[in-house]
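Let me begin by presenting the structure, written as structure tokens, before commenting on it.
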Amino acid sequence: MAGIPSKLRYRPLNLARWLIWGLTALVMAVLPQIFTQGFAITLMSQMGVAIVFALSYNMLLGQSGMLSFGHAVYSGLGAYVAVHVLNLAGSGQIWMPVSLLPLVGGLGGAFFGVLFGYVTTKRAGTTFAMITLGIGVLVATCATMFRDFFGGEGGISTDRVIGKPFLGITYGPGVQVYYLIAIWCLVSMALMYAWSHTPLGRIANAVRDNPERAEFIGYNTQRVRWFTLIISAFFAGIAGGLSTINFEIVTAENVGALHSAYVLIATFIGGVGFFFGPIIGAIVFTFFVVALSGYTNAWQFYLGLFFVLMVMYAPGGIASLVMMQVQLIARKRFKRIAPHYLAAGASSLVLLAALILTVEMTYQLSENSANGTLINLFGVHFDAAKALPWAVAIGLWIIGAVFFHLARKRVARVWGEIQTELLQARA
Amino acid sequence: MEFFVISLLNGVSYGLLLFMLSSGLTLIFSMMGVLNFAHAAFYMLGAYIAYSLGLKLGFFPALFLAPLVVGVLGAMVERYGLRTVHRYGHVAELLFTFGLAYLVEEIVKVIWGLTAVPYRVPAVLDGPLFTVYSTEFPKLRGFMMLVALLMLLAVYLLIKRTRIGLVIQAALTHPHMAEALGHNVPRVFMLVFGGGTALAGLAGVIGGVAFVTDPSMAPSLGPIIFVVAVVGGMGSLAGAFLASLLIGIIQSFAIGLNWSLSGFLSVLGIAVNAHTPLYSVWKMQLSEVAPMLPYLLLVLMLIFRPKGLLGTRAD
Amino acid sequence: MNARALELKAVSKSFGNTPIIRGVDLAIPQGERHALIGPNGAGKSTLFNLISGRFPLSEGEILLNGESITGLKPFEINRKGLSRSFQITNIFQRMSVFENLRCAVLWSLGYKYSFWHQLSKLKDANRSAEEVMESIGLKGRRDTPAGVLSYAEQRALEIGITIAGGAEVILLDEPTAGMSRTETADAVDLIRKVSKGKTLVMVEHDMGVVFDLADRISVLVYGEVIASDKPENIRGNKAVQEAYLGAEAEAEAD
């Protein structure tokens, strides 16, 4: 090891890195050419914004151990700053190309990061979480009071098609907005990835793991957290600016508790322990929200349940589940456990069917009872007030529960066997 | 004078309601180190369950049963949910209760619908208790204060005068030692969690009928009880009591006052008009700003006295 | 007379109404290896915590190189050139051995809160970390997460993190606790090597280690220093023998 010059040692890593980033850029560039429908482009644009937002959130949660319940404050305020600047630019009072607007959002977010961050980072852990909640409510309440800045009930709207077209780009068509978002998303991803390999980024990890030890190697942990929060708020503000361009409106919801909850859920579902976790989480979450909300009114319930189950049984998120399987595949052990995964998957589908049936029927009986009790589920029409569907639901619950329980035990056993083998092989 | 007395009474009754809620939260936090984000959700459940039970059984039987149901639900949540997550640490526990809060809110929407349910005041509690000058003080508010005080007394007696209370006090600061002495500490945890949520449910039964019973009950009251917990000092029951009353009184007074900064400035002889920069800030009235005050108090407290009023337990 | 690296003047500490440290005076010259011994509960770790700023003093003053550090926060004290290890291993579990050490050198090399330097390109930080890693003998475990190291390896890493920043005054809290004979011997060699030219204050229970390494020994009993002298004098001190060493001193001396 000692004799190998450092250049040679790092080279394989660099090649892989360039490959992955290049591939990502390529995929982002090509996607709208494959999925050309309007709603697909909108969906992908939203995903791009969500990715930046979730990654900025994970700078706090996953990388620095700071659980915030009020992160939407920074993205929302960044969005508000951006929308005002855009309106000023649109009326000719200042010069600001739309392409650079997300930077304005970022600076806005960072400004409030300096301001609020100073107060919030005075404490750590649970108290920090509570303070962020309080500040979040404070800002959201302000939004209803300061009408000039926040626009009251209707928010502030804007027009992104301003000034002369630049190389034919007006940002009128959705696909042009997509490419703008994609570029900012890629740049932000790269910058945030780079940050995690800087002294501040690494010390933030240290503060997360052992704040006391970090003090004893010369670091003021409060400062570390404050600076990290400012940078995180900067990127959240960029997401806010992108959102302003995308939706052409900013309302009090943008700073509200729901958006803060959403970024928390999305990041956690994706996985806080890996850099790419929030990226997965943002994509899955956006898809969940946009697609599912079209099919059922109880989609928020499903989301909440999914989140709680993840906290309980897969706290590392989708990313950790993926990496665990990657480990198995690399060691050629995946085939052994795959059939057991299938069995568990099938039985959980039965449970899912039972859940959907129960929830949709309950919802129909309570909320939509004005419209009668008939529902149409996956093309099957039936009456939710009759006994038969309920009997079917109960039956599905029982069958699903029994088989899932058995399958889960089997998966756990085979997993344990494989892990033991791997450990022995290494020794 | 009338305004003062009425605001004080309203403030104290609201503060006692807040205390009913935050006492359970503080107990759970002191004992288990878990900040139950879903506490307000159990409050909401108490209201809804009391409403549904009340339709069949009447108000007062529901008053007794609903908190019990909520307490049992809370105990089950602890046993099957929180305990699983406990080994992943405090952040995971907080995330779990956060997810739970969100989930319960959605469950309530699925079962009872999106709009408010007609949870009505029973006839015997309707109407004025007494009249101060020309304003009526409702019987319902008086009843709220009575229930809160009785509850406070009961919890105090339970903790200080019974054997189980002694075990709870021990497990509060030294759970491992208490377990080593043969007490079933996990069961104590389950009881405390269930008890805390039952208290929240009781508060919900009263609060639901005094205010509106709808799915926004939890998210609107939730943050305030956290403010109470932090301002009073995490882990201090007395602090929570003080902070509850403080916040209740501040809000009740603020809502009725039309003071504004511009009014204050004109007393000093400085005139402010529509052309003054930031006019919208100067002319804002205290009554408009009232919802924001607890959170301002939170931020100020955290800057100047992070321990809270009577805080004992650190992060 | 050597300049005083560390000086304690009438240092007292009470927790509530319970006095733990009752008026300790100590003066440690630069370059000395000083051992702090005493029965369990005497307050040795508390004294360390007071010196390193983890607990506030109830009374008294602490001076580092003549400058008062009373009431300073741990990171401020560390920046002035004092570093400490912990009795219960206190490392960054999720990072590799190399990363642990690299973090420990960042501040002293002046990188502070930089978010514009790429870690892989910091030649001086990487070299420093490699050197420390070599000297503590963990080069073969470079990329292993610190949490999975063996106990003795973690203790070595603990010492490594403590000295990596180049502090002139080093506090080691029971560095050989829980080690076997061979591990202890290796640890003693390591400590001797890394404390060359620096001031070392060590809390230890292993008398072999103490008499091997220390230039001077202070004996702490019930929060007071009852003797502070060269090892051979401590060995013969009746009060110390009564309070603490008892028959063990005779056995070790042989």
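The values are calculated or read from the model by the stated rules, or taken from the named source; none is laboratory data. For clarity, every value in this text was computed on a predicted model and none was experimentally measured. No Cβ is skipped: glycine too gets one built from the backbone with ideal geometry, and neighbour counts run over all protein chains shown.
Listed values, structure above:
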item	result
Scan of the stretch A:234-258 for residues that are within 14 Å of another protein chain (Cβ to nearest Cβ), modelled with pLDDT of 95 or more and under 15 Å from the mean Cα position of the chain (by Cα), ordered by number	A:F235
Pairs where the first residue, in the stretch A:49-75, is without any contact (Cβ under 8 Å) to a residue 12 or more places away in the chain and assigned by TED's automatic domain parsing to the domain that holds A:V119 and the second is surrounded by fewer than 24 Cβ atoms within 10 Å (Cβ to Cβ) and outside any loop (DSSP other than H, G, I, E, B), C-beta under 9 Å, 6+ apart	none
Whichever residue in the stretch B:71-114 is more than 9 Å from chain A (Cβ to nearest Cβ) and not in a helix (DSSP H, G or I) and, among such residues, is nearest to B:M217 (Cα to Cα)	B:G89
Residue within the stretch A:64-79 that is surrounded by 23 or more Cβ atoms within 10 Å (Cβ to Cβ), within 23 Å of the chain's Cα centre (by Cα), more than 11 Å from chain B (Cβ to nearest Cβ) and more than 30 Å from B:L25 (Cβ to Cβ) present	yes
Strands (runs of 3 or more DSSP E) (entirely within the stretch C:1-97) containing at least 2 residues that are farther than 22 Å from C:G160 by Cβ and within 19 Å of the chain's Cα centre (by Cα)	C:4-15, C:18-29, C:59-64
Hits in the stretch B:161-213 (condition: among the β-branched types (V, I, T) and in contact with a helix residue (DSSP H, G or I) (Cβ under 8 Å, 6 or more places away or on another chain))	B:I164, B:V167, B:I168, B:V185, B:V188, B:V192, B:T197, B:V205, B:I206, B:V209, B:T213
So C:N100, is it outside any strand (DSSP E or B), more than 15 Å from the chain's Cα centre (by Cα), in contact (Cβ under 8 Å) with a residue 40 or more places away in the chain and under 28 Å from C:V209 (Cα atoms)	yes
Near pairs, Cβ below 9 angstrom, 6+ apart or cross-chain, from the stretch A:34-47 (small (G, A, S)) to any residue that is loosely packed, with under 10 Cβ neighbours inside 10 Å	A:A40/A:I34
Unmet requirement for A:G151, which otherwise passes all of (1) modelled with pLDDT of 90 or more; (2) more than 30 Å from C:N90 (Cα to Cα)	(1)
Some residue of the stretch C:37-60 being among the basic types (K, R), within 14 Å of chain A (Cβ to nearest Cβ) and touching a helix residue (DSSP H, G or I) at 6+ places or on another chain (Cβ under 7 Å)	yes
Which listed residue, of C:L190, C:L220, C:L149, C:L157, is in contact (Cβ under 8 Å) with a residue 12 or more places away in the chain, farther than 28 Å from C:G23 by Cβ and buried (at least 23 other Cβ atoms within 10 Å of the Cβ)	C:L157
Residue match in the stretch A:210-225 (condition: over 19 Å from A:G117 (Cβ atoms), facing another protein chain (nearest Cβ under 7 Å) and aromatic (F, W, Y))	yes
Residue list for the stretch A:167-221, restricted to those being touching a strand residue (DSSP E or B) at 6+ places or on another chain (Cβ under 9 Å) and either of a type in the set (G, A, S) or at pLDDT 95 or above (or both)	A:G218
Odd one out for B:S216, checked against (1) facing chain A (nearest Cβ under 9 Å); (2) at pLDDT 75 or above	(1)
When residues of the stretch C:195-217 are limited to those that are of a type outside the set (G, A, S) and part of a loop (DSSP other than H, G, I, E, B), the one surrounded by the most Cβ atoms within 10 Å (Cβ to Cβ)	C:E204
Flag if A:I231 is at pLDDT 95 or above, assigned to a helix (DSSP H, G or I) and facing chain C (nearest Cβ under 9 Å)	yes
Some residue of the stretch A:146-158 being of a type in the set (S, T, Y), assigned by TED's automatic domain parsing to the domain that holds A:V30, touching a residue at least 40 places away in the same chain (Cβ under 8 Å) and over 29 Å from B:G33 (Cα atoms)	yes
